[in-house]
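Trainee: I'd like to ask some things about the structure below.
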Amino acid sequence: MTALHAPPAAPEVLARCTALVRPALREAVDRLHPWTAEMAAYSFGWCEVGGTPTTTPGGKGVRQALAVLGARAAGADARTAIPAAVAVELVHTFSLLHDDIMDGDATRRRRPAVWKAYGTGPAVLAGDALFALAVETLATVPQGARAVRLLSTALTDLVRGQADDLLFTGRPHTGPDRVTTEEYRAMAEAKTGALLGCACALGAALGGADEDTTNALDRVGRHLGIAFQLVDDVLGIWGDPTVTGKPAGGDLREGKKTYPVLAALTSPAARALPDLLNSPERTQEAAALIEAAGGRTAALTEARTHTATARTLLTRTPLATPAVEDLLTVLDYLVGRDL
């Protein structure tokens with residue numbers, strides 16, 4: 001199988017966008033209560049528990065970069081997207097704080113998750129504070145009503161997707177109540193794609209784009225989100241823990257209904273897979289059988305399909321060419337990461 005490869009320019013594009021947004025993001029976090037501000041700073045990798053400054057690597061800044069590129073794609077100055085970029089980054093971090101609690105994930109980016117470092121209650125509070133701050137950030141811009149509507153729609157979808165993801169865990173691997181790949185795609189679009197689409201659309205909206213343009217960019221982000229989640233699923237089973245920061249086979253031990261699992265279960269070659277999935281100590285055998293039954297290939301093929309759809313949307317929508325090139329570079333990088 002041929003892996004997708006990241007173009008070398010993508011990290012520079014992300015770094016340039018996040019450098020533009022970082023001062024405003026820090027300024028927003030500083031407006032919080034000192035305790036929630038410290039937890040937020042910890043989650044961004046800016047400090048240790050207790051507030052001692054650090055340079056721990058944070059996330060890639062994907063959503064804030066998409067907001068900046070959305071504004072540039074609409075022909076506007078990148079700085080017009082800063083409130084959108086701050087808002088989507090705050091919402092993304094809020095969702096991670098709560099997701100780690102719901103999933104019982106003790107680590108995030110090779111450090112204790114906020115709920116492990118500060119406690120469950122404080123982590124919930126910090127997430128709530130970030131959510132409120134995101135809404136406040138958008139409400140104060142001239143296009144505030146439109147911006148808040150876009151964000152609230154994405155948040156509604158995000159919650160729906162997270163609810164489905166949690167419910168999937170309790171459903172059987174086989175039979176009429178099994179999770180289908182179609183249900184999975186809908187969940188991934190809502191849980192991951194909605195905020196990526198919102199980032200692109202919000203940046204464009206603050207840059208003065210019309211409804212057709214913002215809708216097209218929203219669809220680009222949603223397809224990217226599905227592809228992004230599919231790649232996450234592959235890395236969750238076969239990824240290198242030293243690269244991903246997650247234990248090998250963690251998704252299998254947690255019983256997650258990821259796309260490679262769902263696709264493999266449709267193959268006659270995977271008759272023994274349900275028993276392996278119900279035995280957490282046999283994750284290596286399960287991973288090997290999922291791959292042999294075509295689950296890994298199916299997930300990457302599906303990711304490429306959504307990537308191609310996103311590319312087509314970008315090239316067919318009247319947008320500023322340099323920004324489209326940067327968006328295409330970031331898209332390919334995110335779908336090809338670490339495979």
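Coordinate-derived values only; no laboratory data. Just so it is clear, the structure is predicted and the values come from calculations on it, not from any experiment. Backbone-built Cβ (ideal geometry, glycine too); neighbour counts: all protein chains shown.
Trainee: Along the charge dipole of the chain, Cβ charges K/R +1 and D/E -1, which of Gly51, Gly61, His223 sits furthest on the positive end?
Mentor: Gly61
Trainee: Next up: For the chain, what ratio Rg/Rh do Cα atoms give with a Kirkwood hydrodynamic radius?
Mentor: 0.97
Trainee: In a Debye calculation with equal point scatterers on the alpha-carbon sites of segment 224-339 and no solvent, what is log10 I(q)/I(0) at q = 0.21 Å⁻¹?
Mentor: Computed log10 I(q)/I(0) values: -1.06.
Trainee: Give the angle, between 0 and 90 degrees and rounded to the nearest 10, that separates the Cα long axis of helix 62-73 from the longest principal axis of the Cα atoms of the chain.
Mentor: Approximately 50 degrees, to the nearest ten.
Trainee: For segment 10-329, give the magnitude of the charge dipole about the Cα centre (Cβ charges: +1 Lys/Arg, -1 Asp/Glu; no others), in debye to the nearest 20.
Mentor: I would put it at about 300 debye.
Trainee: Could you tell me how many degrees, from 0 to 90 and to the nearest 10, lie between the Cα long axis of helix 34-44 and the main elongation axis, the longest principal axis, of the Cα atoms of the chain?
Mentor: Value to nearest ten degrees: 60.
Trainee: For helix 283-292, report the angle its Cα long axis makes with the longest principal axis of the Cα atoms of the chain; keep it between 0 and 90° and round to the nearest 10°.
Mentor: Taking the Cα atoms of the chain, the angle to 283-292 is about 90 degrees.
Trainee: Also: With unit charges on the beta carbon (Lys/Arg positive, Asp/Glu negative), name the residue among Ala269, Leu195, Thr309 whose Cα is farthest towards the positive pole of the charge dipole of segment 174-312.
Mentor: Farthest towards the positive pole: Ala269.
Trainee: Going highest first, how would you order 17-29, 215-227 by mean Cβ packing within 10 Å?
Mentor: Result, highest mean Cβ count within 10 Å first: 215-227, 17-29.
Trainee: Can you bin segment 17-158 into rounded, prolate or oblate? Criterion: square roots of the alpha carbon gyration tensor eigenvalues sorted a ≥ b ≥ c, rounded for a/c under 1.5, prolate for a/b above b/c, oblate for the rest.
Mentor: prolate
Trainee: Number of Lys-Lys pairs in segment 10-329 under 17 Å by Cα, sequence gap 8 or more or different chains?
Mentor: Close lysine pairs found across segment 10-329: 5.
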